[in-house]
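Presented below is the structure to which this report refers.
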Amino acid sequence: MDWSRAKTILIIAFIVLNLFLGLQLNQLVKQQSDYVETEEISLAQLKQIAKKNNIRFPDEPSKTPAKLAAFNATVTPVTLDGWKKNERGSYSKTFAAPLAYRSDRELAGLLSKEVPDFGDYKPMAEAKDKRVYVQTVKGRPIWDATLEVELVGSAIKALHLVHYELSQLPTEEELLTYPSALYQVIINYDTSGPASISQPKLGYRAKAYSGEKDILVPYWQFEVGDNLIYLNATKRGANEKMEITPKQQNENKGTKTL
């Protein structure tokens, strides 16, 4: 046997193999780079990742848009008697003699008299000593614009209000796909053992950009355990940190980012 020739053949084969593996690696890196740039992931990929991490997630809500309008937002001033301006544009009103009510209908009637633009709000949460409502725009919640009703028994003790005057921006924001949004939650949420993502809602959060003016940006809200997850739903904000708020807290108190 010509060992010199065999050695040469083996060296050439080794070089060809290295070139082949190098091309494969380069293609894989390019695919990953393309993914990082677009932040897109398929539903099949998401299911594999979720199964591996023992995480359950819900089906995509019906009529999820590919694009969604953003809004300029200015805190609405409240000039009615008894209302006091707080920090960050919120307003409060406390009743020396709590306003009693006998039914939810009667409560809504009292609030419509006491709260400016009460028709813009929808119920969000309730507890023994509190009811929380959220302002909506085109049927979607604005999670920073809330009406908190403090109760003592069946009577209104105090009101805390944030309301926005809105003007729609001329361009719409392109949204992450639903699987891509869920993927961001899965890879960024710190969980050990089984977990369940639930209650997906597409709404808005306010981002301050000048004085008391804000811009309302599309956001996803998810529930994971006892926490609410807020995730920028736009492709432009895909690299923004995810925010976590305990469910029992409102108006972004105690929010942390990941």
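Could you check the stretch 125-139 and list, in sequence order, the residues that are part of a strand (DSSP E or B) and surrounded by fewer than 18 Cβ atoms within 10 Å (Cβ to Cβ)?
Pass one, the stretch 125-139, residues part of a strand (DSSP E or B): 125-127, 130-137.
Those that are part of a strand (DSSP E or B) and surrounded by fewer than 18 Cβ atoms within 10 Å (Cβ to Cβ): 125, 126, 127, 130, 132, 136.
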Query - Any hit, the stretch 148-158, residues being in contact with a His (Cβ under 6 Å, 6 or more places away or on another chain), part of a strand (DSSP E or B) and not hydroxyl-bearing (Ser, Thr, Tyr) - result: yes
Requested in this report: Identify all residues within the stretch 105-153 that are within 24 Å of the chain's Cα centre (by Cα) and of a type in the set (Ser, Thr, Tyr); write none if there are none.
Outcome: 121, 133, 136, 146
Query raised in the report: Out of all the residues in the stretch 189-209, which are within 17 Å of residue 246 (Cβ to Cβ), modelled with pLDDT under 85 and open to solvent by 60 Å² or more (accessible area, probe 1.4 Å)?
Result: 190
Query - Considering residues of the stretch 93-124 that are free of Cβ contacts under 8 Å to residues at least 40 places away in the same chain and basic (Lys, Arg) only, the residue most open to solvent (accessible area, probe 1.4 Å) - result: 105
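Residues of the stretch 210-236 being at pLDDT 85 or above and part of a loop (DSSP other than H, G, I, E, B), which ones? Please lay out each step first, then the result.
Quick first cut of the stretch 210-236, residues at pLDDT 85 or above only: 214-236.
Correct list: 225, 226, 233, 235, 236.
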Query raised in the report: Would it be correct to say that residue 90 is surrounded by fewer than 10 Cβ atoms within 10 Å (Cβ to Cβ) and either modelled with pLDDT of 90 or more or under 30 Å from residue 166 (Cα atoms) (or both)?
Result: no
Query - Residue count for the stretch 84-115, restricted to those that are within 17 Å of residue 151 (Cα to Cα), in a loop (DSSP other than H, G, I, E, B) and not hydroxyl-bearing (Ser, Thr, Tyr) - result: 2
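The values are calculated or read from the model by the stated rules, or taken from the named source; none is laboratory data. Remember, it's a predicted structure, so these values are computed and weren't measured experimentally. FYI the Cβ positions are ideal-geometry reconstructions off the backbone, even for glycines, and counts take in every protein chain you see. We work out accessible area using only protein heavy atoms, side chains counted, and drop any ligands, DNA or RNA first. Shrake-Rupley method; radii C 1.70, N 1.55, O 1.52, S 1.80 Å.
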